[in-house]
Amino acid sequence: MKRIEGIAASEGYAIGKLHIYWEKAAMTVPEKAADPEWEINRFLQAREHACTEVGTVYHRAVARVGEHHSSILKIHLALLQDQDFFIEIRDYIRGRGVTAETAVQEVGQRFFRMFEELDDDYMKARGADVKDIVSRLLHFLSEDKEEKAPLISEGILAAEELMPSQTIQIDTDRVQALLTRTGSRTSHSAILARSMRIPAITGLGRGFEQLEDGSEVIVDGFKGVVIQ
């Protein structure tokens, strides 16, 4: 038996089959753009789709976890509609002649680093929100315009990282516990797991690589230990 240690993010015990969730690889897109103004328009359309989707997810989340915890999605809407964020992306596209995807990734990374370098834990959490909206924007800039499917696996769900909008949509009747390679006890996903009463362990680091998809595991959310 293996003992894998991480950060106890949400208390509780769980025993079940491990399912490792892998994000779909991002499509490769040309970095340079033939028509910057067309790329800006693509970004605006993607932002409109993203705002609509976040609004839909917000209303679902209120019914499941209440308005207080669902307010995270209001932050996502505010970030999507933030004028400084839009101006940065617009100017990046025009100044460098790049695609909307490239601008969203580069500007998003700049905003993420800005929040990550702050000392305040609450403000650091905004970095995860930036990554969340960047992922959503890239989804709608791809050819797939359908709403991103929530995580619907059964048993113990493991992922490199869980965005707040993913965590808030997890079916607690089917998912018994959460495990992630990255994250902390103060991350939004950890806070949501506690509010949803799902045992969770974050920050597994290299221990994440020892997890075997389909294996039976025991999760100790009190001590932050996975037994495989």
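Assorted remarks:
Residue-wise test of (1) free of Cβ contacts under 8 Å to residues at least 12 places away in the same chain; (2) open to solvent by less than 90 Å² (accessible area, probe 1.4 Å); (3) assigned to a helix (DSSP H, G or I).
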{"position": "GLY16", "(1), (2), (3)": "no, yes, no"}
{"position": "HIS19", "(1), (2), (3)": "no, yes, no"}
{"position": "GLN45", "(1), (2), (3)": "no, no, yes"}
{"position": "HIS49", "(1), (2), (3)": "no, yes, yes"}
{"position": "VAL57", "(1), (2), (3)": "no, yes, yes"}
{"position": "ARG60", "(1), (2), (3)": "no, no, yes"}
{"position": "GLU67", "(1), (2), (3)": "yes, no, yes"}
{"position": "SER71", "(1), (2), (3)": "yes, yes, yes"}
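- Residue in the stretch 86-104 that is open to solvent by 80 Å² or more (accessible area, probe 1.4 Å) and over 25 Å from THR180 (Cβ atoms) present: yes
- Yes/no for ALA100 being of a type outside the set (Ser, Thr, Tyr), touching a residue at least 60 places away in the same chain (Cβ under 8 Å) and farther than 29 Å from THR186 by Cβ: yes
- Among residues of the stretch 92-141 being of a type in the set (Asp, Glu) and within 24 Å of ILE168 (Cα to Cα), the one that is farthest from the chain's Cα centre (by Cα) is ASP120.
- Qualifying residue in the stretch 103-111 (condition: in contact with a Leu (Cβ under 6 Å, 6 or more places away or on another chain) and either touching a residue at least 12 places away in the same chain (Cβ under 8 Å) or part of a helix (DSSP H, G or I) (or both)): yes
- Within the stretch 1-50, the residues that satisfy the criterion of being hydroxyl-bearing (Ser, Thr, Tyr) and modelled with pLDDT of 90 or more are SER10, TYR13.
- Qualifying positions in the stretch 73-85 - touching a Cys at 6+ places or on another chain (Cβ under 8 Å) and either open to solvent by 30 Å² or more (accessible area, probe 1.4 Å) or not in a helix (DSSP H, G or I) (or both): LEU77, GLN81
The values are calculated or read from the model by the stated rules, or taken from the named source; none is laboratory data. Small disclaimer: the values here were computed from a predicted structure and weren't measured. Cβ coordinates were reconstructed from backbone atoms using ideal geometry, including for glycine residues, and neighbour counts include every protein chain displayed. Just the protein is used for accessible areas: all its heavy atoms, side chains included, with ligands, DNA and RNA removed. Shrake-Rupley method; radii C 1.70, N 1.55, O 1.52, S 1.80 Å.
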